[in-house]
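We did not get these values from a lab; they are worked out from the coordinates using the rules stated. Small disclaimer: the values here were computed from a predicted structure and weren't measured. Virtual Cβ from ideal backbone geometry, glycine too; neighbours counted across all protein chains shown.
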Amino acid sequence: MEKRSNFNLSRRDFLKIAGAGMGGLMAVAGTAEQAFASSSEELPLEEQWALLYDATMCSGCRECETACKHYNNLPEEDVDDLSGNTFTLIKLYESEDGSQKSFRKYQCMHCVDPACAASCPVGALHKLENGPVVYDQYKCIGCRYCMQACAFGIPRYDWSLAYPFIRKCEMCNHREAGPACAEICPKQALTFGKRGDLLEIAKVRIAINPGKYYEDRVYGEFKGGGTSVLILSAVGFESIGLPALDNKPLPDRTQWALNIVPAIFFGVGGIMSAIYQRTKNKDAGTSERE
């Protein structure tokens, strides 16, 4: 009898804590859209931080990878994709017949309207007023909605830790000189500056080099609602791993995920309450028979 009593007390305490936790999470989910909407107070888009990557100027030296590792204090690893300890990576594209080759720099695209931030129910990912999309590990609940929402497949889990965190490029937002990768690039394939200025630079390059750049377009100017990492390429964007997107902002594609969060928590709470009530009634019936 004593054992049953202790179990019931523990269960009641647990359900109180769980109920409080769900209530807090539902409150957070309800305000997540408001927190993201505050990005409307950002600097004008043309004034925000951005990077221009010109793949035609990249030699594949990978100095940007080394600089990123050094500034972010990341361990060396032999990988062929981004990871929890690799925030930027240079890959080589080559067509099947060998007629086309191009390097491509993989990193967070720092979207104008980031889907990762819009889908995060607790605001662990958010956009700074000057453009970079950053992550707060102390808010993260490990749901990994951001990994599913990102059209570029950028957020990664750092599985080397006992409690994994989401890791990704944050555009060296605490660094006075800007991103370490852009500062170190010996071929000036990477340029750091204001988004408006970089778009002008990109369009001048297109104008004075007719036929050099794919469709005379800057990837990221409008696609997916726009990104703060702008890309010029001599070969098709999809060929170098960039997704084919329309101009619709990415959060519009993932808003459904945020909207169902309260329903999930209400559903879990209801199930837990029903199980508790059923168990309580069963225990009461057993006590009466004894």
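Return the total of residues in region 192-244 being acidic (Asp, Glu) and within 23 Å of the chain's Cα centre (by Cα).
Final tally of qualifying residues: 2.
Within region 139-184, which residues are under 24 Å from Ala118 (Cβ atoms) and small (Gly, Ala, Ser)?
Correct list: Gly142, Ala149, Ala151, Gly153.
Exactly one condition in (1) buried (at least 16 other Cβ atoms within 10 Å of the Cβ); (2) in contact with a helix residue (DSSP H, G or I) (Cβ under 6 Å, 6 or more places away or on another chain); (3) on the phi > 0 side of the Ramachandran plot is not met by Ala234; state its number.
Failing condition for Ala234: (3).
How do the pairs read when you match residues in region 192-212 that are within 12 Å of Ser228 (Cβ to Cβ) and in contact (Cβ under 8 Å) with a residue 40 or more places away in the chain with residues anywhere that are among the β-branched types (Val, Ile, Thr) and part of a helix (DSSP H, G or I), using Cβ under 9 Å and keeping only pairs 6 or more apart or on different chains?
Qualifying pairs under 9 Å: Gly193/Ile201.
Can you tell me which residues in region 48-100 are touching a residue at least 60 places away in the same chain (Cβ under 8 Å), loosely packed, with under 15 Cβ neighbours inside 10 Å and touching a strand residue (DSSP E or B) at 6+ places or on another chain (Cβ under 9 Å)?
Correct list: Ser59, Lys91, Ser95, Gln100.
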